[in-house]
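Okay, structure first, notes after.
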């Protein structure tokens, strides 16, 4: 029981850290040009997916 609470706490802390980091980097990043066709992975979405998988394995 205590181990699952600790795992939950760690997962929540990682999620909060990723949200804080992505907010800062998004504010500093320049806007891409309209002619840019590069497909980039939205980083917070990737971290949210990994966290959801971690919760599934708990």
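Observations
- Exposure proxy ranking, count of Cβ atoms within 10 Å, fewest first, for 50, 57, 9: 57, 9, 50
- Remark: 19, 51 ranked as 19, 51, counting other beta-carbon atoms within 10 Å and listing the fewest first.
Every read-out reported here was derived from the displayed coordinates using simple, explicitly stated rules and does not represent laboratory data. Computed from a prediction, not measured in an experiment: that's the story for all the values here. Cβ sites come from the backbone with ideal geometry, for glycine too, and all protein chains shown count toward neighbours.
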